[in-house]
1. Are any residues in the range 35-46 surrounded by 12 or more Cβ atoms within 10 Å (Cβ to Cβ) and among the polar types (S, T, N, Q), and if so, which ones?
2. Given A49, A80, which one is among the aliphatic types (A, V, I, L, M) and surrounded by fewer than 17 Cβ atoms within 10 Å (Cβ to Cβ)?
3. Somewhere in the range 56-67, is a residue within 15 Å of T105 (Cβ to Cβ), part of a strand (DSSP E or B) and not small (G, A, S)?
4. Just give me the residues in the range 83-94 being in a strand (DSSP E or B), of a type outside the set (A, V, I, L, M) and either closer than 16 Å to V30 by Cβ or open to solvent by 60 Å² or more (accessible area, probe 1.4 Å) (or both), in sequence order.
5. So how many residues does the range 27-49 have that are touching a strand residue (DSSP E or B) at 6+ places or on another chain (Cβ under 9 Å), part of a strand (DSSP E or B) and modelled with pLDDT under 95?
6. Kindly list the number of the only condition in (1) modelled with pLDDT of 90 or more; (2) open to solvent by less than 80 Å² (accessible area, probe 1.4 Å) that fails for P67.
7. Residue by residue through the range 45-62, note down the ones that are free of Cβ contacts under 8 Å to residues at least 40 places away in the same chain and out of contact with any Lys or Arg (no Cβ under 8 Å at 6 or more places or on another chain).
Amino acid sequence: MRRLGIALLALGFLLTGCSSEWQGEVRYKVLSLHESYESIPGSVKPAYARLEIDGAEPRGTVEPVSPAVADLDKLPEGVAVGDVVVCPVRQHDENSYDGKGTEVTVGPCTAA
C-alpha cells in the first residue's frame, strides 16, 4: 500500500510539472475587424480583431503567437485595419496531457 502511495505521489508531481507558460509584449498589425455575432441562440460573441505579428516571433513561446484574435474592447478606441498595436500576450497550458490546448490571452493593447 505504501508503494502505491509513493507511485501516485510521483505521478502527481510528474503531471503538475508538465505545465507551460509564456508571457511578453508582441507587436501586431490589425488584419481585419469583425462585429459581434450570435454563435448559438442566446449566446453573443463580442466584436473582435484578427491580428498578425509585426516583426519576428518571440523566443520561448509555448506555441506561435501569430495569427491572434483580440476582443475589440482590448484594443485602442478607433483602431483600424492596418494599424499596429502592442499587446501583452500570455500563453498558459496547465496540463499538456488534458487535451485542452494552450489558453491564450491577448490585451489590453496600446497603439504602437
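The values are calculated or read from the model by the stated rules, or taken from the named source; none is laboratory data. In this text, all values refer to a predicted model and were calculated from it rather than measured experimentally. Note that we place each Cβ from the backbone using ideal geometry, even for glycine, and neighbour counts take in every protein chain shown. These accessible areas exclude ligands, DNA and RNA; they are computed on the full protein's heavy atoms, side chains included. Shrake-Rupley method; radii C 1.70, N 1.55, O 1.52, S 1.80 Å.
1. Across the range 35-46, the qualifying residue is only S36.
2. Going through A49, A80 in turn, the sole match is A80.
3. No, the range 56-67 contains no residue that is within 15 Å of T105 (Cβ to Cβ), part of a strand (DSSP E or B) and not small (G, A, S).
4. Correct list: C87, R90.
5. Matching residues across the range 27-49 total 5.
6. (2)
7. K45, P46, A47, Y48, A49, R50, A56, E57, P58, R59, G60, T61
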